[in-house]
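The values are calculated or read from the model by the stated rules, or taken from the named source; none is laboratory data. The shown structure was predicted, so the numbers you read here are calculated from the model rather than taken from an experiment. Please note: Cβ atoms are built from the backbone with ideal geometry, for glycine as well, and neighbour counts cover all protein chains shown. SASA here: full protein model, heavy atoms, side chains in, ligands and nucleic acids out. Shrake-Rupley method; radii C 1.70, N 1.55, O 1.52, S 1.80 Å.
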Amino acid sequence: IACLAVLMLALVPAAHASKGPTKVLADGTERTTYTIGPIEVTPGQNRIAYRPMFNAERPSVDGWITGIKPNLVRADGSIPLSSKIMFHHGVWLNLSNDDATSPGYPERFFATGEEKTRMILPDGYGYRYLKSEGWLLNHMLHNLTPEPMELYVTYTIDFIPDTSPRAAGITPVRPIWMDVQNGSNYPVFDVHRGGGGKDGKFVYPDDAEDPYPAGVKKNEWTVDRDGVLIGTTGHVHTGGLATDLYLKRPGAKYAGPRCRKPNNSSRKSAKKYRKCVKKMPRVKGNRVHLFKSGAHYFEPAGPVSWDVAMISTRPNWKVAIKAGDTPEMNTTYETRMASWYESMGINVTYPADEPGGRAPYR
């Protein structure tokens, strides 16, 4: 979307905008729910649209965002079933900042889908917010019914204003958008039934044939400065099983504890060894595994619906990174049940510019 068009849209008054009451938590954090809309959804809709986020739809003072909880609702506040309407994706863009992994794009600082992924930063961290910034919502809704709908996107923000004493102790984070098709206008790929390995799984881009014909590995990013990764969550579509985040460092190799093979054939020793191996980091050369964001499907039939949630990192995950490191990601889809078209694999990761963190090769 052209920058001029965005600026012109920003001048159009919102048809409806609302801000819910603010609840002050025990630690002084302000929790407010904002409503974006209405969004007119046509029958069978499946299109990407952009909407400027007006002043009434976001905080009115400078401060720090420490959490975001999104949702998709009707005018009465009820949540539509995913079998009727699917929140394919919603991406919050900061037009005032450049994206770290796709220069020239606005900064993609938060994203969600039907899994309603939340941003929950560990205590003491925050995403810097300035009321002078321009925000844009990139959304895509799937209406599986023949009826038009009027829907709203809500998001509950945990916010620390600059006037709060807590603001002085906040460590800034920045969003790093990791995507197996990063930089593509529509970052999707197809998964065909029976493809991939004999285990019924297809790993992209590993199992894909020439996934990056231009020679640019879109699933990688080169770290520009030392810091600590403090959190991440994955995003997949139906059929998706997980996203995996890896790290490569020139000249590095695993230097942590190793499992000792049992010197006897007892079941107890063998079980202990298998348990140890399972806990060891997966390393291949200088490529070490950092985190698997697994998909938890609530549908009893498994990964055939959008009723899913993705696993997030724990608050103490914290991984040390160095300038020159290369985070890399892939995503896994099942291939026994069906083919899955227009699939995605995304992780929004948040590093902080601070020392410390866990040594990834230990």
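Data table
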| item | result |
| --- | --- |
| Hits in region 315-362 - residues which are of a type outside the set (A, V, I, L, M), within 27 Å of GLY302 (Cβ to Cβ) and part of a loop (DSSP other than H, G, I, E, B) | THR335, ARG336, SER339 |
| Residue match in region 103-118 (condition: assigned to a strand (DSSP E or B), out of contact with any Phe, Trp or Tyr (no Cβ under 8 Å at 6 or more places or on another chain) and not aliphatic (A, V, I, L, M)) | yes |
| Residue within region 302-313 that is of a type in the set (A, V, I, L, M, F, W, C), open to solvent by less than 50 Å² (accessible area, probe 1.4 Å) and part of a loop (DSSP other than H, G, I, E, B) present | yes |
| Total residues in region 335-344, condition surrounded by fewer than 22 Cβ atoms within 10 Å (Cβ to Cβ) and touching a Lys or Arg at 6+ places or on another chain (Cβ under 9 Å) | 5 |
| Contacts under 8 angstrom Cβ, first residue in region 38-54 being crowded, with 17+ Cβ neighbours inside 10 Å, partner β-branched (Val, Ile, Thr), 6 or more apart | ILE39/VAL153; VAL41/ILE85; ARG51/ILE36; ARG51/ILE39; PRO52/VAL6; PRO52/VAL12; MET53/ILE36 |
| Qualifying residue in region 246-262 (condition: in contact with a Leu (Cβ under 8 Å, 6 or more places away or on another chain), at pLDDT 85 or above and not in a loop (DSSP other than H, G, I, E, B)) | yes |
| Selection count, region 207-220, where residues are modelled with pLDDT of 95 or more and open to solvent by less than 90 Å² (accessible area, probe 1.4 Å) | 7 |
| Residue that is modelled with the lowest pLDDT, among those in region 137-177 that are part of a loop (DSSP other than H, G, I, E, B) and hydroxyl-bearing (Ser, Thr, Tyr) | THR145 |
| Condition check for VAL319: crowded, with 20+ Cβ neighbours inside 10 Å, at pLDDT 95 or above and under 19 Å from LYS284 (Cα atoms) | yes |
